[in-house]
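What follows is a set of notes on a single structure, which appears directly below.
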Amino acid sequence: MYKLVIHGTYFSSVDENHVQSIENALICIGDSGQVELVLSSSDPLFEEELARARKQDILEELTDSQYLLPGFIDLHTHAPQWAQAGLALDLPLEKWLNNYTFPLEAHFADEDVAKAVYDDYVQKLLSLGTTTALMFGTIHLEANLMLAKIAAKYGLRAFVGQVVMDNPDQTPTYYRNVDYGSALSLTEKFINFMSEMQEKTGATLQPVITPRFVPSCTDEALAGLGELAKKYDLPIQSHVSESNWEHQYAINRFEMHDAEVLDSFNLLTDKSVMAHGTQLTVDDCSLLCKRQTAIAHCPISNMYFGNGVLPVKSLISHHHKLGIGSDISGGYSPSIYHNLRQAVGSSQMLEDGVDSRMNPQERGRDNARITMANAFYMATVGGGDALHLPVGKIEPGYLADFQIVRDHPPVIGQKSSDDIFQRLMYSTEEKDIEKVYVGGKLVYKKVGE
């Protein structure tokens with residue numbers, strides 16, 4: 001009846017503000033890879049289903065120090081930049097792009113380079129509990145298809161973008177689409193190849209319309225990408241108001257903010273995910289909310305390049321769609337755990353203010369701090385909602401994308417479920433993630449387990 005049954009304690013979001021903990025539960029996963037049944041120990045069917053799972057040898061029995069969590073969704077990452085993670089974060093964004101990032105990405109014309117980097121990166125994501133990733137590739141068709149193939153091989157749910165950057169004023173000659181026509185043609189080829197690959201492999205492989213950002217694209221490219229997104233009903237990813245420089249560039253070129261620019265080219269939809277947003281105004285936020293466009297909060301990256309802190313608490317209160325992104329390599333760590341911690345820490349800095357020369361009552365922003373429950377929701381349910389995927393919760397009807405983590409410090413005294421949740425969120429590292437499932441299939445197992 002089931003292909004896998006997990007017995008133990010799990011944590012899953014109830015809503016943006018609350019996480020539930022269910023002890024001694026049975027999570028029953030069907031052949032489709034979805035959770036079909038969740039039973040508490042008081043349910044009349046519990047003992048029967050537990051005995052059946054043991055007899056059929058499909059039971060994953062958690063120890064008292066192991067916990068089941070939903071897999072994380074990384075809502076914004078640049079896969080090729082894994083090769084430069086942690087480099088040159090002291091530079092302004094425009095210099096970092098031109099001196100490090102664009103030269104690096106140009107190397108992905110070599111398929112051997114792409115294979116080596118992507119093979120390592122996809123495995124790293126899974127080992128960190130990330131089960132779905134929305135990824136920028138490069139301008140190279142074959143390298144992007146290589147990324148999709150490797151994701152299918154290892155079991156990562158992959159949303160992959162064929163990057164478009166054709167504006168000669170803002171992109172180097174060695175790393176640029178020849179013109180907007182060739183960029184759009186490559187994008188359409190990529191869409192068709194990805195569709196064929198998904199049919200062949202059965203994996204979650206979704207092509208994504210990907211204008212790098214407003215500075216890198218001509219008007220014709222932006223318009224054509226908007227048309228392709230509509231034609232194929234596809235998700236869209238880009239950056240929005242991610243730094244002082246990028247925000248001002250859109251104003252200088254179009255005499256409007258880049259949210260308005262993207263909207264004018266039909267690139268803000270309910271399937272769009274826009275990263276960063278640290279410079280968004282109230283009107284910009286209202287536009288994104290109206291279009292039901294998701295924001296990928298990239299808290300580590302924003303520290304280095306964002307010139308501000310995204311007001312997550314306010315966005316939550318106004319019912320924005322929000323997720324968490326690592327933004328490799330603007331962010332140095334692909335661990336969503338690290339990004340959750342920074343999201344909470346950055347919100348505290350926003351509330352307190354950072355200039356101690358000012359009066360404490362004047363230097364911060366009232367009611368800006370988020371909780372770890374808020375951050376966890378964004379990394380699970382929020383990311384799933386942004387991608388229109390039934391992932392991020394442990395309940396019937398959701399895909400069984402899970403991670404099993406170990407709470408390693410010795411326990412002294414009785415710990416509440418909230419204590420355990422907080423410690424898992426603040427203390428879990430790669431070594432503590434013992435197994436990862438995607439669609440009920442084991443895709444990662446820690447060496448030695």
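The values are calculated or read from the model by the stated rules, or taken from the named source; none is laboratory data. Source: prediction; values computed, not measured. Note that we place each Cβ from the backbone using ideal geometry, even for glycine, and neighbour counts take in every protein chain shown. Just so you know, the surface numbers come from the protein's heavy atoms only, side chains and all, with ligands and any DNA or RNA stripped out. Shrake-Rupley method; radii C 1.70, N 1.55, O 1.52, S 1.80 Å.
Observations, loosely collected:
- Net +/- balance of residues flanking residue 234 in space, Cβ distance below 13 Å, scoring K and R +1, D and E -1: -1
- The coefficient of translational diffusion for region 237-396, derived via Stokes-Einstein from the alpha carbon Kirkwood radius under 37 °C and 0.692 mPa s, stands at 206 µm²/s.
- When a 1.4 Å probe is rolled over the protein heavy atoms, the share of accessible surface on region 322-449 that falls to carbon and sulfur comes to 50 percent.
- Base-10 log of normalised Debye intensity for the chain (one unit scatterer per alpha-carbon) at q = 0.10, 0.11, 0.13 Å⁻¹: -0.69, -0.83, -1.14
- When peptides 274-284, 100-110 are ranked by their average number of other Cβ atoms within 10 Å per residue, the highest-first order is 274-284, 100-110.
- Remark: relative contact order (region 77-221) = 23 percent; criterion is Cα-Cα distance under 8 angstrom and separation of 6 or more residues.
- Values of log10 I(q)/I(0) for region 275-368 across q = 0.13, 0.22 Å⁻¹ run -0.44, -1.13, by the Debye formula with one identical scatterer at each alpha carbon and no solvent.
- Out of every Cα-Cα pair that region 310-414 contains, those further apart than 17 angstrom amount to 64 percent.
- All-pairs Cα distance distribution in region 24-123, expressed in whole percent, bin size 5 Å: 2, 9, 14, 14, 10, 7, 7, 8, 9, 9, 6, 4, 1
- In plain terms, if you count all Cα to Cα distances in region 179-320 and split them into 10 Å steps from zero, the share in each step is 12, 40, 33, 14, 1 percent.
- Positive dipole terminus of region 1-102, leading residue within 30, 81, 59 (C-beta point charges): 81
- Take every pair of alpha-carbon atoms less than 8 Å apart whose residues are at least six positions apart; their mean separation over the length of the chain yields a relative contact order of 19 percent.
- Amide N proximity, region 22-42 versus residue 416 label position 7 Å along Cα-to-Cβ, cut-off under 18 Å: 22-23
- Mean projection area, nm², convex hull over Cα of region 71-171: 6.4 nm²
- Taking the C-alpha atoms only, the angle from helix 282-291 to the longest principal axis of the chain is near 60 degrees.
- Bridgeable lysines around residue 415 (alpha carbons under 29 Å apart, same-chain partners fewer than 8 residues away excluded): 313, 393, 431, 435, 445, 446.
- Overall shape of region 128-179 was characterised from the C-alpha gyration tensor. The equivalent ellipsoid obtained from it has semi-axes of 27, 11, 7 Å, in decreasing order.
- With protein chains left intact and a 1.4 Å probe, residues in region 213-259 average 38 Å² of accessible area per residue.
- Proximal charge balance of residue 398 [Cβ under 14 Å; K/R count +1, D/E count -1]: -2
- Built amide H within the under 5 Å cut-off of residue 160, gap 5+: 135, 206, 208
- In region 90-241, one over the average inverse separation of all distinct C-alpha pairs is 15.7 Å, which is the Kirkwood hydrodynamic radius.
- Stretching residue 88 away from residue 395 to a fully extended chain increases their span by 106.3 nm, per 0.36 nm per residue minus the current alpha-carbon distance.
- The residues of region 73-209 present an accessible area of 37 Å² per residue when probed at 1.4 Å with all protein chains retained.
- Surface accessible to a 1.4 Å probe, per residue, for the residues of region 410-449, Å²: 58 Å²
- Computed from Cα positions, the angle between helix 111-127 and the longest principal axis of the chain comes to roughly 40 degrees.
- Eligible lysines near residue 231 by straight Cα distance, threshold 21 Å, same-chain separation 8 or greater: 189, 271
- Among the protein heavy atoms, those of residue 142 account for about 90 Å² of accessible surface (1.4 Å probe, every chain in place).
- When only the Cβ of Lys, Arg, Asp and Glu is charged (+1, +1, -1, -1), the dipole of the chain relative to its Cα centre reaches about 440 debye.
- With Cα atoms, 0 to 90° folded angle of helix 180-201 axis to the chain main axis: 20 degrees
- Dimensions of region 1-50 from C-alpha coordinates, computed as largest minus smallest value along each principal axis and given longest first, are 35, 26, 14 Å.
- If the segment from residue 57 to residue 182 were pulled out straight at 0.36 nm per residue, it would be longer than the present Cα-Cα gap by 39.6 nm.
- Here the calculated FRET efficiency for residue 199 and residue 349, from their Cβ-Cβ distance with R0 = 56 Å, stands at 0.75, rounded to the nearest 0.05.
- Sulfur and carbon atoms: percent of accessible area, region 1-97 [1.4 Å]: 47 percent
- Scattering curve values for region 353-449, log₁₀ I(q)/I(0), Debye with Cα scatterers, q = 0.13, 0.19, 0.21, 0.22 Å⁻¹: -0.68, -1.06, -1.16, -1.21
- Estimated FRET transfer efficiency (residue 153, residue 99; beta-carbon r; R0 51 Å; 0.05): 0.95
- Spin-label pair residue 119-residue 41: with each label point 7 Å from Cα along the Cα-Cβ axis, the two points sit 4.6 nm from one another.
- For the peptides 198-205, 359-366, residues were scored by their other Cβ atoms within 10 Å and the scores averaged per peptide; the highest-first order is 198-205, 359-366.
- Backbone HN-Hα couplings from phi across region 73-90 [Karplus 6.51/-1.76/1.60, Hz, Gly and Pro as x]: 10, 8, 8, 6, 8, 9, 4, x, 6, 3, 6, 10, 4, x, 9, 6, 6, 8
- Each Lys or Arg adds one and each Asp or Glu subtracts one; over the other residues with Cβ under 12 Å from the Cβ of residue 326, this totals -1.
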